[in-house]
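Take a look at the structure set out below.
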Amino acid sequence: MRIAFVSHSHRKVGGTEVYLDSILPALSRAGHSVAWLYEKDLALSHDPIFTSEPGSAWSASELGLTKSLRMLEQWKPDVIYAHGVSDPELEVAVIAVAPSVLYLHNYYGTCISGDKLHSTANPTVCERRFGAACLPRYFPQHCGGRNPLTMWSQFRLQSRRLELMRHYRVLIANSKHMVRELARHDLEAQCVYPFTAGDVETQVSQPAFESGVLRLVFAGRMSSLKGGNYLLDAAPVAQRLICRKLHLTLAGDGPDRPDWERKATQLTSDTLTFEFTGWLSSADLRSVIARSHLHVLPSIWPEPFGLSGLEAGLLGVPSVAFAVGGIPEWLSEGVNGHLAPLPVTVEGLAAAIAKVFMDAEHYARVRAGACREARGYQMADHIARLIAIFERCRA
């Protein structure tokens, strides 16, 4: 089958691009011809996404919209596999080339800001249907920034995206949570869970649980939505509950990193230490996670899925996270970690962290459960589901 991918970035700047970097070569190895049209090559410090076939990757920003679309048409795809773009006109043109499938990695077309969160003093998940009624609530409920021009621009963009989603042959969501979100907008979608990548046999041995420092790790973009402030404030509370020395590694970067570093400096003590690594290569990140006792995903926005928890589980590292979005679909209370209750609070997060370390026997169970649950998300199953959808789409 000839499968043409369409996406925004040429480099691994987020979960969408990490997915593309795995699925493009996997489909090629499975005997399918793959091509790729992307909008821009930004964030040059990040690794580029894998491209398997020379001459089958085209940049719309370099070639121009007309030429890049002509290259795509001449390649004659059987199906378009889209992952979200910033230019609605490019999306319109791409959909006209061949039967098209859209994989939803986020709240594309269903929220002005894309956050689905009221960022008040007590953040709450928004469960409204996106539409004109969102506009008068945007500022009072802290749905985004404070610029009215940005609000209107984003509203028009997301409205256009919502309209365009109705023109795809198939919509795929990465969680049942996202299927329900699309149904709220009268859109039918199929759930195809993402997959874990890598081999658990390559993990680095974890430090012993019975003695020494307990190591926690956060891995992701350092922005307010990712809940780093909650994690930093929860760390000393958890340390007092556990009565053990804790070391928290924060891997990644983002706009809130300077604030997080200042707070960590203030919280550092003989029993609580912090480390900021910056962005790490995939191999280095896996190594850091594998040497940790616990992965903490403190996102306060409704993560559509939260794959990083399963990636940690593949290395035998359990997770703690707030019970938001699609996270409860893979994180089972007491099985492969613990869920912090809603509404989000520092105390709830600290208590969930402490539960993981209640005793050595319980920790061994959730560690084994983390590995077992993660192994259930196989790339082969994901690809089989995709190909079946593509075959029906082009029929």
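The values are calculated or read from the model by the stated rules, or taken from the named source; none is laboratory data. Note that the coordinates shown come from a computational prediction; the quantities given were computed from them, not determined experimentally. A quick note on method: Cβ atoms are made from the backbone with ideal geometry, for glycine too, and the neighbour counts reach across all protein chains shown.
The set of residues in segment 356-371 being surrounded by 13 or more Cβ atoms within 10 Å (Cβ to Cβ), over 25 Å from the mean Cα position of the chain (by Cα) and not aromatic (Phe, Trp, Tyr) consists of MET358, HIS362, ARG365.
Does LEU42 satisfy being farther than 18 Å from VAL192 by Cβ, hydrophobic (A, V, I, L, M, F, W, C) and within 26 Å of the chain's Cα centre (by Cα)? Judged against the criteria, LEU42 is a match.
Among the residues of segment 60-69, those that are within 13 Å of ASP87 (Cα to Cα) and in contact with a strand residue (DSSP E or B) (Cβ under 8 Å, 6 or more places away or on another chain) comprise ALA60, SER61.
Being surrounded by fewer than 19 Cβ atoms within 10 Å (Cβ to Cβ) and small (Gly, Ala, Ser) is true for just one of ALA374, ALA380. Which residue is that?
Sole residue among the options that is surrounded by fewer than 19 Cβ atoms within 10 Å (Cβ to Cβ) and small (Gly, Ala, Ser): ALA380.
When ALA219 is tested against (1) outside the structural domain of LEU307 (by TED's automatic domain parsing); (2) under 18 Å from the mean Cα position of the chain (by Cα), just one condition goes unmet, and that condition is (1). Per the listing ASP259, ASP233, ASP284, ASP270, the residue uniquely at pLDDT 95 or above, acidic (Asp, Glu) and closer than 25 Å to PHE305 by Cα is ASP233. Kindly check whether there is at least one residue in segment 170-192 that is in the same structural domain as VAL97 (by TED's automatic domain parsing), assigned to a strand (DSSP E or B) and free of Cβ contacts under 8 Å to residues at least 24 places away in the same chain. Yes, because at least one residue in segment 170-192 is in the same structural domain as VAL97 (by TED's automatic domain parsing), assigned to a strand (DSSP E or B) and free of Cβ contacts under 8 Å to residues at least 24 places away in the same chain.
Would a scan of segment 339-352 turn up a residue that is among the acidic types (Asp, Glu), surrounded by fewer than 19 Cβ atoms within 10 Å (Cβ to Cβ), in contact (Cβ under 8 Å) with a residue 60 or more places away in the chain and assigned by TED's automatic domain parsing to the domain that holds PHE209? For segment 339-352, residues among the acidic types (Asp, Glu), surrounded by fewer than 19 Cβ atoms within 10 Å (Cβ to Cβ), in contact (Cβ under 8 Å) with a residue 60 or more places away in the chain and assigned by TED's automatic domain parsing to the domain that holds PHE209: present. In this entry, GLU303 is excluded by the filter for residues that are among the acidic types (Asp, Glu) and touching a Leu at 6+ places or on another chain (Cβ under 6 Å). Among residues of segment 121-163 being small (Gly, Ala, Ser) and surrounded by 15 or more Cβ atoms within 10 Å (Cβ to Cβ), the one that is nearest to GLU89 (Cα to Cα) is SER159.
Residues in segment 379-388: is at least one basic (Lys, Arg), within 30 Å of LEU27 (Cβ to Cβ) and at pLDDT below 95?
No, because not a single residue in segment 379-388 is basic (Lys, Arg), within 30 Å of LEU27 (Cβ to Cβ) and at pLDDT below 95.
SER282 passes every criterion in (1) of a type in the set (S, T, N, Q); (2) under 16 Å from the mean Cα position of the chain (by Cα); (3) buried (at least 17 other Cβ atoms within 10 Å of the Cβ) apart from (3). For segment 250-275, the set of residues classified as within 19 Å of SER292 (Cα to Cα) and in contact with a Lys or Arg (Cβ under 7 Å, 6 or more places away or on another chain) consists of GLY252, THR271, listed by residue number.
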